[in-house]
Amino acid sequence: MEVSIVMPCLNEEATIGSCIIKAKKGLQSAGVSGEIVVVDNGSTDRSVDNARQLGARVVFEANKGYGNAYKKGFAEAHGQFLIMGDSDDTYDFSEIRPFIDALKKGADLVVGTRLKGKILPGAMPPLHRYFGTPFLAWLLNLFFKTGISDPNCGLRGLTKDAFLKMHLQSGGMEFASEMIINAAREKLKIKEVPITYYPRQGESKLRTFHDGWRHLRFMLFYSPTYLFLLPGALISLIGLFFLVAILPGTFSFGGLKFDIHYMVLGSALSTLGSQILTIGLFAKCYAYTEGYEVEDRFIKFFLKHFSLERGLYLGGILFLIGLIWNIFILVKWINSDFGALAEIRPALFALSLVVLGVQAIFSSFFISILLLKKGRF
Ligand SMILES: Nc1nc2c(ncn2[C@@H]2O[C@H](COP(=O)(O)OP(=O)(O)OP(=O)(O)O)[C@@H](O)[C@H]2O)c(=O)[nH]1
Ligand SMILES: [Mg+2]
């Protein structure tokens, strides 16, 4: 069998029939043999009966959710090529030929784009059209460089091989993002096809903020660089700047005077920033041990040069400088008969070094534990 058209369906009795009729036309006009698989997980209306009457194969999935439905449908599909799309009649399955042609020409994943195609009036709420979808597309391309203009478009084609290579996990709507991220990661050949988006009948299953957040958090899970490393580095640098600039005395800039309060802030920020940064390193090392290819230069450099002993050495030096410095201050205090002491700036600086040093020591151990699996030690 050449093509399986897979449709997830949850209470779409008004439209499932029309989708199946259009899908049959689509197969015919593309000149391919195929089947239509409808994945239900608990429709309480006539969707399943309607689908069966029109000759579609209905499969059931116990776990609710858009992603769960597709995983089941793809696993059950017999076709070499898979076409996926909603059963709410928002996509015209009679026009799937460009998707099949692109797959035949060697594409692994073909994603429809409504933004470069046509969106009929009433098909997409302005919040999704002008904010949600472009924002998620922008983030996806910033994080993963996929070049996809409409990552939430539900009409797509892929090969069964590509599906197996992607190892998709998501149960909900974020399945759509996962597919593109994993395809990009596996270096699959991705192509876009402009399509028309039609207004929906029946009730939408999309919950704007709930599902938007699921897409967003999924992207963050897979991008420790943007989630941890860059914010961590920025916060650390701001913190270190205040710590160093105020150490010798009040720091003046543009008529403003920055003193001890900002140094306390600097100390807190440098600790916070380095903590976020090390969590980023943990995440990267974890991804590395899980078999993900390491591509960014910073992490490649880190992995090449990291060793437990180097981490301990660096942490130990920071710790000792801070400790000795603070001991000097203590001795000064004792020598002044425990009198008043004006050493807040150096004491705070030294204390920050102690904290950073200890953090480096324990982080190095934790990174080493993560890397054990790779036989690094
Ligand atoms: N089997 C199954 N199908 C689902 C589930 N949730 C959504 N669907 C189907 O997945 C498709 C996508 O859901 P929609 O509600 O159309 O979401 P959307 O396309 O992002 O939003 P609209 O633009 O409002 O249509 C539809 O065909 C739904 O019937 C589910 O939990 N199980
Ligand atoms: Mg829909």
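Residues that are free of Cβ contacts under 8 Å to residues at least 60 places away in the same chain and within 16 Å of ligand 2 (Cβ to nearest atom) within segment 21-40 comprise VAL38, VAL39, ASP40, listed in sequence order. Given the structure, is VAL32 crowded, with 18+ Cβ neighbours inside 10 Å and outside any loop (DSSP other than H, G, I, E, B)? No: the conditions fail for VAL32. Looking at ALA137, ALA162, just one residue is touching a Pro at 6+ places or on another chain (Cβ under 9 Å) and without any contact (Cβ under 8 Å) to a residue 60 or more places away in the chain, and that residue is ALA137.
For segment 202-216, residues that are more than 10 Å from ligand 2 (Cβ to nearest atom), touching a residue at least 12 places away in the same chain (Cβ under 8 Å) and of a type outside the set (A, V, I, L, M) total 6. Looking for something under 32 Å from the mean Cα position of the chain (by Cα) and modelled with pLDDT under 95 - is there at least one such residue anywhere in segment 28-41? Taking every residue of segment 28-41 in turn, at least one turns out to be under 32 Å from the mean Cα position of the chain (by Cα) and modelled with pLDDT under 95. Total residues in segment 200-243 satisfying the condition of being polar (S, T, N, Q), within 16 Å of ligand 1 (Cβ to nearest atom) and part of a helix (DSSP H, G or I): the figure is 1.
The values are calculated or read from the model by the stated rules, or taken from the named source; none is laboratory data. These figures come from a predicted structure and were not determined experimentally. All Cβ positions, even for glycine, are placed from backbone atoms using ideal geometry, and neighbour counts span all protein chains on display.
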